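The values are calculated or read from the model by the stated rules, or taken from the named source; none is laboratory data. The structure displayed is predicted, hence computed values, not measured ones. All Cβ positions, even for glycine, are placed from backbone atoms using ideal geometry, and neighbour counts span all protein chains on display. In case anyone asks, the SASA skips ligands and DNA or RNA and just uses the protein heavy atoms, side chains included. Shrake-Rupley method; radii C 1.70, N 1.55, O 1.52, S 1.80 Å.
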Amino acid sequence: MPAKPGNKPSTFDNPSPERDYLIHMEIPEFTCLCPLTGQPDFARLVLDYIPDRKCLELKSLKLYIWSYRDQGAFHEAVANRILDDLARTTRPRFMRLSAKFHVRGGIFTTVAVEHRKKGWKPQPEVELQRFETSSNTN
């Protein structure tokens, strides 16, 4: 049975809810329609999120993204709507969606939108130092 577009992504329980960790996804084949001309718009979506209790299930995410294929939407509206839907579904600690639209009329457009859980503060970034080993033995 062939897959069909879906309008709601599924989730699964976060296997490590006690830890902040980043999930990075790239969706290179997003399409929607220009609401003025009906011509297709193509974009690469980059999704980064720090889950809380739920994670996105990939197949349902793919089918959800596919559901935009025949919808007319301005770049700004579609990026915000996708982020709102994904944040409402997963309730992450942090989520950022960058929608990098291909050239149209000589202009590339990138729309970046973010969601932060109220009261969540990121952990301080750890900077690791590299140690050189010497092969000189005296």
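Starting from segment 86-110, take each residue that is without any contact (Cβ under 8 Å) to a residue 60 or more places away in the chain and within 15 Å of Asp41 (Cβ to Cβ) and list its partners that are open to solvent by 70 Å² or more (accessible area, probe 1.4 Å) and among the charged types (D, E, K, R), counting only C-beta distances under 6 angstrom and pairs at least six apart or across chains.
Pairs that qualify, where the first residue is without any contact (Cβ under 8 Å) to a residue 60 or more places away in the chain and within 15 Å of Asp41 (Cβ to Cβ) and the partner is open to solvent by 70 Å² or more (accessible area, probe 1.4 Å) and among the charged types (D, E, K, R), are Lys100/Arg44; Thr110/Lys100.
Scan segment 3-30 and report the pairs whose first residue is open to solvent by 60 Å² or more (accessible area, probe 1.4 Å) and whose second residue is polar (S, T, N, Q) and assigned to a loop (DSSP other than H, G, I, E, B), with Cβ atoms within less than 7 Å and a gap of 6+ or a chain change.
Listed pairs, sorted by first residue: Pro5/Ser67; Asn7/Ser67.
Which residues, taken from segment 39-66, are of a type in the set (D, E, K, R) and open to solvent by 60 Å² or more (accessible area, probe 1.4 Å)? First the steps, then the outcome.
Initial filter on segment 39-66 (of a type in the set (D, E, K, R)): 41, 44, 48, 52-54, 57, 59, 62.
Listed by number, the residues that qualify are Arg44, Arg53, Lys54, Glu57, Lys59, Lys62.
For segment 71-78, check the following and say yes or no: at least one residue is open to solvent by less than 60 Å² (accessible area, probe 1.4 Å), of a type in the set (Val, Ile, Thr) and part of a strand (DSSP E or B).
no
Read through the list (1) at pLDDT 95 or above; (2) out of contact with any Leu (no Cβ under 6 Å at 6 or more places or on another chain); (3) open to solvent by 20 Å² or more (accessible area, probe 1.4 Å); (4) aliphatic (A, V, I, L, M), then give the number of the only condition that Leu36 fails.
(1)
Is it true that Ile50 is touching an Asp or Glu at 6+ places or on another chain (Cβ under 9 Å) and β-branched (Val, Ile, Thr)?
On the way: touching an Asp or Glu at 6+ places or on another chain (Cβ under 9 Å): yes; β-branched (Val, Ile, Thr): yes.
Spelling it out, Ile50 is indeed touching an Asp or Glu at 6+ places or on another chain (Cβ under 9 Å) and β-branched (Val, Ile, Thr).
If you take the residues of segment 83-138 that are open to solvent by 60 Å² or more (accessible area, probe 1.4 Å) and β-branched (Val, Ile, Thr), which of them is modelled with the highest pLDDT?
The qualifying residue modelled with the highest pLDDT is Thr110.
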